[in-house]
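Only one structure is covered here, and it is reproduced in the block below.
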Amino acid sequence: MSKVIKKTKSEDITFEFPDVEKKKQKKSAKKSKKQISEETSPKKKVVVEEKKKKLSAYVLAVVAVAVIAGAVVAIVRSVNAPVFSVAVEMVQVCPNGKVLDFEYKVEDKKGNNITESAKVEFKRGMVFISATDERGFYGERAIKANVEDKDAPELKLNGGDEISIIVDDEYEDLGAVAIDKCDGDVQVATDGKVDNTKLGEYEVVYKAIDASGNTAEEKRIVKVIEPVGVIYLTFDDGPSEHTGRLLDVLKENGVKATFFVTGRGDDDLILREYKEGHTIGLHTYTHRYDLIYQNTGTYFDDLYAIRDRVEDITGLESNLIRFPGGSSNTVSALYDGGRHIMSTLVDEVEERGFSYFDWNISSGDAGEAKTSEEVYDNVTDHLGEGTFVVLQHDTEGFSVDAVEDIIKYGKSHGYRFKKLEADSYGAHHWVNN
Ligand code: ZN
């Protein structure tokens, strides 16, 4: 109820009535006197009836127009509403209400794809796709829902279903990851023991159960084997734009390597190599055969330049070196004026406190190998029992790409990966000049 106060000239009159009735009652209050006088006259009554008819006809007309207008708006809306195409008759919904992916497409009336802006919801036991196009036209489509989760989580073993470790090496379970399409990450339980002190095959079982009780199980065979050999991965000519990626791979696989660096590349990469525990060796600053192999003076000037660079960056005075082209190179003969410089250098570097390293497996990445598959084959095909110094270049992206697989091969075949130290096996070549 509301209060309306109507002011007249002489006095204030107060009426009380519901809001919606306000106007009508105002009017009827005004007219009441007139109506009473009209009703007393029969002539006037007819006129009043006519007026009433006209009025109701008018009201009907207005209502009809409003209804038609509403219908037109509804038609315009439905005609312009986005169009839904759904490829399935039923959509899978998880017990937790998550709607699983299904194929559908939403287009506005002009044929523009607006699928990206559509919303998918599970409500009232159905799956609804709804969308509003650029012009503001809204539409939705309901699809039947099938609420259940019958599928086990997807269980993936980190490091594969068969791995080998060398006897007495620490065994670290690599674990597994289970992802369920309804429940997301699911915890994985592990069962089975590996005795790293005894040769043999061990089975480790991984199990993951989702919220609906669906179970996934995977087994891993862990072989405890005799050591077969040692692999020294060595990388020349860097650092380069591929070195960071290589360092990532080495870190992820827990492998230390050796870098024979030059004057090129970012200081930060050399610092990272050092900080991450790899060996920094010296390859020469310029790597210019015509310059370094002119005479021992030019060679050592260049060698000390790269040693200074490494020392400036890391504080480390490196005394491990690799000759460009190896100690067996013949290219030096083109520039040394017949001095047989390599024969001199191999002795002199040692006299000056350096240890030089050649290699006994070449990846071929500076020559015939052009793909990471070729690099991988060149390395793994030449492994056997013993100690292997592998030559690669971290300036070659395809060669860097092969490293992870080489490590995996080596580890699963009984090799230990080590970094070179001053007294490590040097894999020295026959000196040809
Ligand atoms: Zn080189």
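Overview of results
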quantity: Segment 92-214, dipole about Cα centre (Lys/Arg Cβ +1, Asp/Glu Cβ -1), debye to the nearest 20; calculated: 1260
quantity: Crossing angle, helix 243-252 versus the chain [Cα axis fit, 0-90 degrees, rounded to tens]; calculated: 90
quantity: Pairs of alpha carbons in segment 179-308 whose separation is greater than 24 Å (percent); calculated: 58
quantity: Average Cα contact separation per residue, segment 126-232, under 8 Å, 6 or more apart, as relative contact order %; calculated: 26
quantity: GNM flexibility winner over the chain from 176, 369, 64 (Cα, springs under 10 Å); calculated: 64
quantity: Extended-chain gain in nm, criterion 0.36 nm per residue less alpha-carbon gap, residue 343 and residue 53; calculated: 91.8 nm
quantity: Local net charge near residue 115, Cβ-Cβ under 13 Å (Lys/Arg +1, Asp/Glu -1); calculated: -3
quantity: In order through segment 343-359: 3J(HN,Hα) via Karplus (6.51 cos²θ - 1.76 cosθ + 1.60), integer Hz, x for Gly, Pro; calculated: 4, 6, 5, 4, 7, 5, 4, 5, 4, 8, x, 9, 10, 10, 10, 9, 8
quantity: Highest-MSF residue in the chain out of 69, 333, 366 [GNM, Cα springs under 10 Å]; calculated: 69
quantity: Neighbour-count ranking [beta-carbon atoms within 10 angstrom, fewest first] of 124, 309, 322; calculated: 124, 309, 322
quantity: Label-to-label distance, nm, for residues given as residue 428 and residue 85 (7 Å Cα→Cβ offset); calculated: 7.5
quantity: Percentage relative contact order, the chain, counting C-alpha pairs under 8 Å, at least six apart; calculated: 12
quantity: Net charge of Cβ neighbours under 10 Å - reference residue 211; Lys, Arg +1; Asp, Glu -1; calculated: -4
quantity: Dipole magnitude (debye, nearest 20) for the chain, charges at Cβ of Lys, Arg, Asp, Glu; calculated: 7680
quantity: Phi-based couplings in Hz for segment 256-264 (Karplus 6.51, -1.76, 1.60; Gly and Pro marked x); calculated: 9, 10, 10, 10, 9, 8, 10, x, 8
quantity: Cβ-based net charge around residue 142, under 15 Å, with every Lys or Arg adding one and every Asp or Glu removing one; calculated: +2
quantity: Computed lengthening from residue 409 to residue 107, 0.36 nm per intervening residue step minus Cα-Cα distance; calculated: 103.6 nm
quantity: Sorted by Cβ neighbour density within 10 Å, fewest at the top, the residues 245, 352; calculated: 352, 245
quantity: Rg over Rh, two decimals, segment 229-418 (C-alpha only, Kirkwood Rh); calculated: 0.96
quantity: Net length gained if the chain between residue 119 and residue 148 were fully extended (0.36 nm per residue, minus Cα distance); calculated: 8.3 nm
quantity: Positive-pole candidate from 367, 398, 378, dipole of the chain, charges at beta carbon; calculated: 398
quantity: Leading residue at positive end of dipole, the chain (Cβ point charges), from 415, 253, 233; calculated: 253
quantity: Relative contact order [Cα under 8 Å, 6+ residues apart], segment 178-265, whole percent; calculated: 21
quantity: Per-residue Cβ neighbour rank within 10 angstrom, fewest leading, 63, 228; calculated: 63, 228
quantity: Separation of alpha-carbon centers, segment 394-433 and segment 153-168, rounded to whole Å; calculated: 24
quantity: Selection of trypsin sites (Lys or Arg not before Pro), segment 171-214, meeting DSSP coil and at most 12 other Cβ within 10 Å; calculated: 193, 198
quantity: For segment 81-147, diffusion coefficient by Stokes-Einstein and Kirkwood Rh (Cα), 4 °C, 1.567 mPa s, µm²/s; calculated: 107
quantity: Computed [θ] at 222 nm, deg cm²/dmol, the chain (DSSP H ≥ 4; -39,500 (n - 2.57); rounded to nearest 500); calculated: -10000 deg cm²/dmol
quantity: For segment 133-148 versus segment 226-242, the gap between their alpha-carbon centres in whole angstrom; calculated: 57
quantity: Between segment 292-329 and segment 82-112, the alpha-carbon center distance in angstrom; calculated: 66
quantity: Shape parameters for segment 154-225, alpha-carbon atoms, Rg then Dmax in Å; calculated: 13.5, 42
quantity: Within a Gaussian network of the chain (alpha carbon springs, distance under 10 Å), most fluctuating of 412, 372, 56; calculated: 56
quantity: Surface/4 of the Cα convex hull for the chain, nm²; calculated: 43.5
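Bear in mind that the values in this text are calculations on the coordinates, not laboratory data. Since the structure is predicted, the reported quantities are computational estimates derived from the model, not experimental observations. Because the Cβ atoms are built from the backbone with ideal geometry, glycine has one as well, and the counts that use them run over all protein chains shown.
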